[in-house]
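Have a look at the structure below, then the notes.
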Amino acid sequence: MKLKFNQTNKLLKQKNKSKASSIWGGRFEGKPSEVMDQINPSIDFDKRFYKQDIRGSKAHAEMLSAQKIITQEDRDKIITGLNQVEKEIDQETFDFSRELEDIHMNIEARLAVLIGDTAGRLHTARSRNDQVATDFKLWIRDVIDALDEQLMFLQTALIDQAEAAASTVMPGFTHLQVAQPVTFGHHLLAYVEMFGRDRERLKDGRVRLNECPLGAAALAGTSFPIDRVMTAGILDFDRPTANSLDSVSDRDFALEFLSTASICSIHLSRFAEEVVNWTSSQFNFISLSDAFTTGSSIMPQKRNPDAAELVRGKTGRVIGALNSLLVMMKGLPLAFCKDMQEDKEPLFDAAETLQVCIAACTGMVLDMKANVSAMERASELGFSTATDLADWLVRVLNIPFRKAHHVTGAIVKLAEQQNCLLKELSIGDLQSVEPKITTEIYAILEPAKSIDSRKSFGGTAPCNVKEAVLAARQRFLKS
Ligand code: ARG
């Protein structure tokens with residue numbers, strides 16, 4: 001519910017007609033201000049982890065009964081009830097209440113309607129503080145697994161395109177100025193490495209995240225004889241968290257996830273930026289079909305790379321979410337503080353944004369067509385083989401590299417004056433700068449020769465790219 005400013009003011013003056021909370025109503029006589037209805041509930045967004053909440057509750061009930069803290073009968077009633085609640089939420093027949101604040105209390109209240117007083121036994125030896133930390137970890141863990149798979153698909157698409165373009169020459173840039181010829185396949189494989197590191201970071205964060213907070217209770221642990229190792233095992237955590245205070249106040253896992261997500265977003269954004277450049281008529285290196293472009297309502301000739309621009313633009317949201325959580329957490333004393341409820345909306349948004357951006361990039365990689373002749377033409381420009389020329393002077397004439405660099409600079413200047421390519425200079429012109437140059441030098445001025453020569457490990461030569469494609473499939477893709 002969105003309120004206009006004057007409506008909000010009115011709310012402050014109004015008396016809330018609702019009763020004191022049924023959860024802590026024991027000592028509360030007064031009613032919350034109406035404005036509390038605006039600021040307090042998290043149900044509008046934390047309903048998203050109902051499955052994790054129910055999974056956690058079932059594990060807790062199993063453990064309570066194994067430890068004879070509740071009877072097996074009660075456990076069965078609770079589990080049957082929770083299954084019913086899950087079905088109702090799945091089928092969208094569940095009535096979420098803002099008065100019940102959050103997903104934990106919404107589910108517990110419904111359970112009480114379904115199974116009566118036994119529902120009240122479920123909250124023995126736990127609190128919403130350890131519950132929410134557990135739910136959030138389970139949710140992020142699921143997202144990490146989904147993202148890993150999505151990034152693998154993106155890598156698959158890039159590797160396939162790289163294989164097809166292993167020998168396709170294009171200009172390589174530094175400072176966005178033509179530097180040296182590279183292969184398009186090599187360029188695409190650079191992104192495979194970047195997304196590979198993102199997957200590593202996700203997996204690494206998942207290992208650290210995988211400790212179970214449930215049973216830490218409010219902050220101090222519990223006097224009930226619970227078995228936290230058992231609960232952790234049922235929920236596929238590696239072990240329980242070691243310190244109850246830390247368990248309920250730790251959000252490192254969310255911060256780590258968001259920093260990984262931010263780095264991954266930056267990679268996606270950089271790729272998107274290349275797509276924007278490459279599809280422009282100035283570059284014309286690739287084309288995208290109607291599937292990932294839009295037209296203009298006024299300029300009939302336009303084909304805009306909207307998907308790529310949006311991937312680039314949405315990066316701000318993911319980085320913003322990381323900032324939001326860092327700032328929210330920075331001054332919090334131990335243990336749980338309600339501020340931490342603000343961890344969810346930015347993270348949910350960041351996770352969804354990242355997922356749609358990876359999907360869009362994968363779609364664009366599958367869709368894009370390399371314009372081989374335009375790339376080849378462009379690789380002739382900008383004196384892209386000047387380094388090859390300098391290297392030839394070093395290799396064949398045994399000139400020290402610094403001097404060779406100087407000689408080559410003078411040759412480039414000559415070509416600039418004549419408005420021609422290096423290979424179009426006459427042998428007389430070349431020898432006017434360095435008399436020992438022979439016609440042999442023309443062979444290395446071709447971009448295709450330049451890329452062939454870059455055979456050092458990790459270099460751009462087509463034979464390297466073909467090997468790198470095979471290696472990338474081994475390293476990153478499931479067989
Ligand atoms: N809705 C809360 C959150 O999202 C759950 C924990 C509330 N705990 C409490 N003691 N008020 O973080």
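Every number here is computed from the coordinates shown, using simple stated rules; none is lab data. These numbers come from a predicted model, not from an experiment. Positions of Cβ are generated from backbone atoms using ideal geometry, with glycine treated the same way; all protein chains shown enter the neighbour counts.
Odds and ends about this structure:
- For the residue pairs LYS403/LYS436; LYS413/LYS455; LYS403/LYS455; LYS203/LYS478; LYS47/LYS203; LYS314/LYS369, the C-alpha atoms sit more than 18 angstrom apart in LYS413/LYS455; LYS403/LYS455; LYS47/LYS203; LYS314/LYS369.
- Net charge over other residues, Cβ less than 9 angstrom from the Cβ of VAL469 (K, R count +1; D, E count -1): -1
- Relative contact order computed over the chain (Cα-Cα under 8 Å; 6+ residues apart), in percent: 16
- Each Cα pair under 8 Å and six or more residues apart adds its separation to the average, and for the range 365-479 the resulting relative contact order is 22 percent.
- Rounded to 5, the percent of DSSP beta bridges in the chain classed as antiparallel: 80
- Put in line by how crowded their Cβ is, counting other Cβ atoms within 10 Å and starting with the fewest, HIS267, HIS186 read HIS267, HIS186.
- Estimated 222 nm signal from helices in the chain, with DSSP H stretches of n ≥ 4 weighted -39500 (n - 2.57), rounded to 500: -19500 deg cm²/dmol
- P(r) tail fraction, the chain - alpha-carbon pairs more than 37 Å apart, %: 48
- Under-5 Å amide H pairs with ILE399, H placed in peptide plane, nonlocal only: VAL394
- Kirkwood Rh in Å, taken over all unlike Cα pairs in the range 68-215: 19.8
- As a ratio to 2.2 N^0.38 Å, the alpha-carbon radius of gyration for the range 167-240 is 2.14.
- Whole-Hz Karplus values for the range 77-83 come out as 4, 4, 5, 4, x, 5, 4 Hz, taken residue by residue from phi with 6.51 cos²θ - 1.76 cosθ + 1.60 and θ = phi - 60°; glycine and proline positions read x.
- Electrostatic dipole magnitude of the chain [Cβ: Lys, Arg +1; Asp, Glu -1; Cα centre; debye, to 20]: 720
- In order along the range 361-371, the phi-based Karplus estimate (6.51 cos²θ - 1.76 cosθ + 1.60, θ = phi - 60°) of 3J(HN,Hα) comes to 5, 4, x, 5, 5, 5, 7, 6, 10, 6, 9 Hz; Gly and Pro are listed as x.
- Spatial separation of Cα centroids for the range 348-412 and the range 108-165, in angstrom: 42
- Exposure proxy order (Cβ contacts within 10 Å, fewest to most) of THR71, THR439, THR387, THR134: THR439, THR71, THR387, THR134
- The string of couplings for the range 213-224 from the Karplus curve (6.51, -1.76, 1.60, θ = phi - 60°) is x, 4, x, 5, 6, 5, 5, 10, x, 9, 8, 6 Hz, one whole number per residue in order, with x for Gly and Pro.
- Rg [Å, one decimal], Dmax [Å, integer] - the range 313-448, C-alpha atoms: 27.7, 80
- Gyration tensor analysis over the Cα atoms of the range 43-117 returns equivalent ellipsoid semi-axes of 22, 12, 11 Å (largest first, whole Å).
- Sequence-distant residues sharing a close amide H with ALA179 (under 5 Å, placed H): GLY172, PHE173, THR174
- Ranked by how many other Cβ atoms sit within 10 Å of their own Cβ, fewest first, the residues CYS337, CYS361, CYS463 fall in the order CYS463, CYS337, CYS361.
- In the range 276-345, the ratio of gyration radius to Kirkwood radius, Rg to Rh, stands at 1.31 when only Cα atoms are counted.
- The range 177-286: C-alpha pair distances exceeding 24 Å, %: 50
- Theoretical FRET efficiency, 1/(1+(r/R0)^6), r = Cβ-Cβ of LYS68 and ASP238, R0 22 Å, to 0.05: 0.25
- Loop-exposed GluC sites (Glu not before Pro) per DSSP, neighbour cap 11 Cβ within 10 angstrom, longest uninterrupted part of the chain: 93-479
- Burial order of peptide ranges 284-292, 41-49 (average beta-carbon count within 10 Å, highest first): 41-49, 284-292
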